[in-house]
Amino acid sequence: MDINFAASFLRLIGDGVETDFWNDSWLCEVPLKQKFKHLFHLDEEPNVRVQQRVTWSDRDVFFNEKWRRMPSGRALGDLNTLRGMINGYVKQDKSRDSWVWNLAGNGLFSSKTLASIIDNSLLGNGSNMEFLKNSLVPNKVSIFIWRVLKRRIPVRTELDKRGIDLDSVRCPLCDDDVETINHSMFFCRHSLDIWERVYKWWGLGMVSNLSINEGFRGECNRSLSPFWSSIWQVIEWTCAYLIWNNRNQKVFSNSSWNGPKGLMEIQLKSFEWIYCRIKNRKMDWLRWISDPWSCFV
Ligand SMILES: [Zn+2]
């Protein structure tokens, strides 16, 4: 899906003073000069305001036409359509003109809604590509990881590449570097702190980006059995998923997450997800947080 950002705003007419009759989108989703090109060139004043061209009385709508010469041929057909549209237009009760953002259900522009629309459109572009799956996590987590691997999460540098105008492309959490996917997932000092805590929890050595990438794909540099590979994959995926959630909470609600709380959240979520989905094994919460290798009975 291509998002036409400019065309997503529509003018709602109050008194018509601030809205350009031909150049703003108000009567339909495109400016009238695009929809009725022939008529536009015939208007005496191409920059006229709605207020000067349309008058509303209690019962009627008047179109105050001023043509350089009377429209004929194709333009005459367009004129009849335009007259009909103006006649059917219901004006706002408000005194001033306002904007409505037609990508949001409530008509109000918000960067959060925009981010989720971009999110869905990035996902939609490649939805026919196969993605990794781990039956121990909810689908939303598998989809998220697939998007990270396909570079389809809306970090600031990716939005910038797609022409979205941003104040800054720097990381919203640390402000130390530009926000790329690798920075956000691994190299940001806040993310690295979380990965280090997770590795320590599992008694593993140093964190390396390479092992994280392999873990995402279900491979691990330690020789693990298929069962433990799949459990370790859940941990890495949960960690990445919650790092991204935390980043969004910071951006949209300005709340943040500290290291110990982050680790606890990862322990809780991964426990909950595995506990509900695993077959023929029982899990012990206290062992899970102290020595996860001994938690399955
Ligand atoms: Zn950062």
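The values are calculated or read from the model by the stated rules, or taken from the named source; none is laboratory data. The structure displayed is predicted, hence computed values, not measured ones. Cβ coordinates were reconstructed from backbone atoms using ideal geometry, including for glycine residues, and neighbour counts include every protein chain displayed.
Criterion applied to PHE252, PHE271 was being assigned by TED's automatic domain parsing to the domain that holds MET185, in contact (Cβ under 8 Å) with a residue 24 or more places away in the chain and surrounded by fewer than 21 Cβ atoms within 10 Å (Cβ to Cβ), and the one residue passing it is PHE252. For the stretch 83-92, the condition holds for no residue, the condition being that it is at pLDDT below 80 and among the hydroxyl-bearing types (Ser, Thr, Tyr).
The set of residues from the stretch 133-163 being closer than 29 Å to ARG277 by Cβ and within 16 Å of the ligand (Cβ to nearest atom) comprises VAL148, ILE153, PRO154.
Yes/no matrix, rows are residues, columns are (1) surrounded by 15 or more Cβ atoms within 10 Å (Cβ to Cβ); (2) of a type in the set (A, V, I, L, M); (3) outside any helix (DSSP H, G or I); (4) outside the structural domain of ILE164 (by TED's automatic domain parsing):
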residue	(1), (2), (3), (4)
GLU18	yes, no, yes, yes
TRP22	yes, no, yes, yes
HIS41	no, no, no, yes
GLU45	no, no, yes, yes
ALA75	yes, yes, no, yes
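In the stretch 187-200, the residues that are without any contact (Cβ under 8 Å) to a residue 24 or more places away in the chain and assigned by TED's automatic domain parsing to the domain that holds SER290 form Cβ pairs under 6 Å with partners that are more than 13 Å from the ligand (Cβ to nearest atom) and among the β-branched types (Val, Ile, Thr), at six or more places apart or across chains, as follows: GLU196/VAL207; TYR199/VAL207. Return the residue satisfying two criteria in turn: it lies in the stretch 164-206 and is crowded, with 19+ Cβ neighbours inside 10 Å and among the aliphatic types (A, V, I, L, M), and of such residues it is farthest from the ligand (Cβ to nearest atom). Out of the qualifying residues, it is VAL198. For the stretch 249-265, the set of residues classified as out of contact with any Lys or Arg (no Cβ under 8 Å at 6 or more places or on another chain) and at pLDDT 90 or above consists of LYS261, MET264, GLU265, listed by residue number. Of the helices (runs of 4 or more DSSP H) lying entirely inside the stretch 109-187, the ones with 1 or more residues being modelled with pLDDT under 90 and within 30 Å of PHE271 (Cα to Cα) are found at 111-125, 139-149.
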